[in-house]
Amino acid sequence: MRLGRQAKQLQLSGVFAAAVTPNLPGTLEVDYSGLLDLLDFLAQGGVSGICLMGSTGEFAKYSFSDRQRAIYLSAKRSKVPLIVGVGHTSLTGALQVAADAVQAGADGLLLMPPYFFPYAQPEIETFYREFAREAGNSLPIMLYNIPQFTSGIGIETARRLLDTGLFAGIKDSSGNWDYFEQLLALKRERPFVLFAGNDRIAAQALAAGADGVLSGCASAIPELLVALCQSAAAGDHERTASLNASLTEFIDWIEQFPTPVGIKRAVSVRGQKSGETSVPLGAETSQSLEKFASWFQGWHKIW
């Protein structure tokens, strides 16, 4: 199933915001109007690009048709390049979402290993090779290592896959600095795009040579991540440290809640639609979330 179309030339660097997906209250339907407004908000925040239907976007709870429509409308609306998360439990499903992204006019694909069931490295490598073979050169493909939610991509598996030249690069959300350093070492051997996907190591990753960040936090505070990336690129260590301290303060708050509840609440405080939580929160968690919202209301205006 070749997906057709020649790969776009895509500048993969800077801050790509991993967008939340607003949903209509009491439903599993995407709030398309809210999503398009959020795309405008993120572009105005200065991001280099946007990732749709990734982990922060809670892709797993949406149907093929909802994902297809969200991708189509977003590709038409977005003022910055759009990478689409095409994660699925199966190769066939990932290729179907990828085909929708290609036809909609997206700029790149982000693919995690198949989730829910654990897979060994030979199966993960075969999955990616088969995906790339079927997708052809339709769009740049980014590997996505997120072992918190699915099988991790071992460093040697990453090496072999990146050595094929079939993949533009990798987003690492593990937060494991030793693993990230090994990716940096691979990058020195042969060029590929390396994104930090865990915001706790964003500043450290940028200073060490990462091309950028693909950030869930940037869905709520794009200006802070953009400023951090710019200060790191300029070698302004004092400002980078100050901005990173603010980012860490935000992360300390949101890590008290299930992913991506804190980010969605912050998005709503910024005046954007974010939708309900996927699972009802306990009473204490709900109270903590409102304390966070109260803190964030004043905090996001001062940095």
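When the alpha-carbon atoms of the chain are used, the pair Rg, Dmax equals 18.2, 51 angstrom. Taking 7 Å steps out from each Cα toward its Cβ at Lys79 and Trp295 produces label points 3.2 nm apart. Within the same chain, lysines fewer than 8 places from Lys264 are excluded, and of the rest, those with a Cα less than 28 Å from its Cα are Lys61, Lys76, Lys79, Lys171, Lys273, Lys291, Lys301.
For the stretch 170-303, a Kirkwood hydrodynamic radius built from all Cα pairs, placed in the Stokes-Einstein relation at 37 °C and 0.692 mPa s, yields a translational diffusion coefficient of 208 µm²/s. Restricting the calculation to Cα atoms, the stretch 181-244 yields a radius of gyration followed by a Dmax of 11.6, 35 Å. Protection proxy ranking, highest mean first, for peptides 69-76, 104-111: 104-111, 69-76, where packing is the per-residue count of other beta-carbon atoms within 10 Å, averaged. With N as its number of residues, the stretch 157-198 has a Cα radius of gyration that, divided by 2.2 N^0.38 Å, comes to 1.05. Restricting the trypsin sites (Lys or Arg not before Pro) of the stretch 78-141 to loop positions (DSSP other than H, G, I, E, B) with no more than 14 neighbouring Cβ atoms within 10 Å leaves Lys79. For the stretch 87-191, the Cα-based Rg and Dmax, in that order, read 13.1, 38 Å.
We did not get these values from a lab; they are worked out from the coordinates using the rules stated. As the structure is a prediction and not an experimental result, all values here were calculated from the model. Using ideal geometry, Cβ is built from the backbone for each residue, glycine included, and neighbour counts are taken over all protein chains shown.
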